[in-house]
1. Is it the case that segment B:193-213 has a residue that's without any contact (Cβ under 8 Å) to a residue 24 or more places away in the chain, outside any helix (DSSP H, G or I), away from ligand 1 (no atom under 16 Å from the Cβ) and surrounded by fewer than 18 Cβ atoms within 10 Å (Cβ to Cβ)?
2. What number of residues in segment B:113-130 are crowded, with 18+ Cβ neighbours inside 10 Å and under 18 Å from residue B:98 (Cβ atoms)?
3. Check whether at least one residue in segment A:15-29 is crowded, with 23+ Cβ neighbours inside 10 Å and assigned to a loop (DSSP other than H, G, I, E, B), and report yes or no.
4. Just checking, how many residues over segment B:126-143 are over 14 Å from residue A:157 (Cβ atoms), in contact with a helix residue (DSSP H, G or I) (Cβ under 8 Å, 6 or more places away or on another chain) and assigned to a helix (DSSP H, G or I)?
5. Could you tell me whether segment A:86-103 includes any residue that is more than 14 Å from chain B (Cβ to nearest Cβ), crowded, with 17+ Cβ neighbours inside 10 Å and in contact with a strand residue (DSSP E or B) (Cβ under 6 Å, 6 or more places away or on another chain)?
6. Would you pick out the residues in segment B:109-125 that are within 10 Å of chain A (Cβ to nearest Cβ) and in a helix (DSSP H, G or I)?
7. Scan segment B:18-38 for residues that are within 14 Å of ligand 1 (Cβ to nearest atom), outside any strand (DSSP E or B) and in contact with a strand residue (DSSP E or B) (Cβ under 8 Å, 6 or more places away or on another chain) and jot them down.
8. Quick one: is residue B:4 more than 14 Å from every other protein chain (Cβ to nearest Cβ), more than 14 Å from ligand 1 (Cβ to nearest atom) and modelled with pLDDT of 95 or more?
Ligand SMILES: Nc1ncnc2c1ncn2[C@@H]1O[C@H](COP(=O)(O)OP(=O)(O)O)[C@@H](O)[C@H]1O
Ligand SMILES: [Mg+2]
């Protein structure tokens, strides 16, 4: 296996976790989030900082990242998930921008230079410095994420979420605590994005705010929409496609965003449910009904 | 014993007094009809009772406990279930899943345990499914279990809504115009179903324009007009009440016939 292929596979795995987590919010709970990269970044920074300053071993650092991102998701979700979709879009967008600014301006996060020298994971004496080992670690986390989300959407919770997406008021009449579900899903999604961030930080070993800005939020959104809303397999396909595609289009780097944009528009026109999805992207926050 | 007590309930939409000082009660095991011309405030009453609207004044209590300020999902747990005048099924699900959604609050499995695959979880899901199928059989939709909900005929959708509400195992089932849009054959089937529910001792509050259905089924009828109760009593009295006749005959647009 070439080193380059390994690199793409690891990044692909990390983006699969990110896309699945965002798909929980968008595809399953039917909410909007335009700032998901913020949780990805929070996870990356927390994991890096706890390893660098407190010498946390990888698993503990990753756990801290998951918990901290999850709590941030909870704190953002509690007041905002009562909002209508269009406001939620603005709030999450704003949150993404603010978190990015925080990374950029805090001393402890290293400002625009970011953090370097993030240690490679070591678990029970086993080093994950080599790309092959890191790929195994990433695949393990991807499988955990897949198992958790699969169980979630195939349990009665999944049914409750689909009910909320279909008809929120009627879901309430069925005894489904819709605010609690929305906050719980938002929290879980933030926590999983934190895990993805942790994996990213310890793989690249160098992070700066650039990797966690609006661009990444949009990229994650594209992965979900391309693969298909409300489909786990779709999120996997979308994440892999948009990890590999930019590499294929490397020589057109200047046009990359243009191509993404064009792809997204084309998809919304010809196949609004994505490659494998069931639900359509809710554009209610753009066109008020 | 009073199950549901509605006390001086009012709802104003701007200047429109949709519900204006309405009081009535429903006893355990009783079937009560809520009738009145279009725009009388019947659906608004249901929305107030089930918590989809906040009353301007007045209160609703179930078994002596006030429901004031409780969100719809808590009221549903206290034992209220309802159907909608304009059918509100989960269109993205099949028929069986719609009924299973009604079972949501009766889960035997905790929120976290549900994520862990295991025999207990599977068994609970199987039991819920069996119950859902029984209810589908009760409303005559056993063969439709795997159909997408929005592929059902209109009358079937109405019955599916009833099955879904029954899955909540409610203390009080509120039906908002269950016969609306049904042909005479379907209305007869509905009547049979409601009689079956009556025999099972299920407490019902029914909004309906079909007077044969109301008169044949209800123990008591409450008549609303312009948001106010203008008469209440057994069907035989209501039929002869001059105020009721006046309310109905005074308007052309009503499909209600006494
Ligand atoms: N959400 C609302 N906003 C404003 N007016 C409403 C609303 N809901 C109902 N109304 C008005 O309240 C009155 C009662 O409506 P409704 O309860 O639906 O009557 P019914 O079910 O008896 O036909 C009508 O005049 C209706 O226009
Ligand atoms: Mg009505």
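1. Within segment B:193-213, one or more residues are without any contact (Cβ under 8 Å) to a residue 24 or more places away in the chain, outside any helix (DSSP H, G or I), away from ligand 1 (no atom under 16 Å from the Cβ) and surrounded by fewer than 18 Cβ atoms within 10 Å (Cβ to Cβ).
2. 2
3. Within segment A:15-29 (the criterion being crowded, with 23+ Cβ neighbours inside 10 Å and assigned to a loop (DSSP other than H, G, I, E, B)), the answer is yes, since at least one residue qualifies.
4. Residues that pass the stated criteria total 7.
5. no
6. B:113, B:114, B:115, B:121, B:124, B:125 - these are the residues of segment B:109-125 that are within 10 Å of chain A (Cβ to nearest Cβ) and in a helix (DSSP H, G or I).
7. Passing the criteria: B:36, B:37.
8. Judged against the criteria, residue B:4 is a match.
The values are calculated or read from the model by the stated rules, or taken from the named source; none is laboratory data. The structure displayed is predicted, hence computed values, not measured ones. Glycine also receives a Cβ, built like all others from the backbone with ideal geometry; neighbour counts cover every protein chain displayed.
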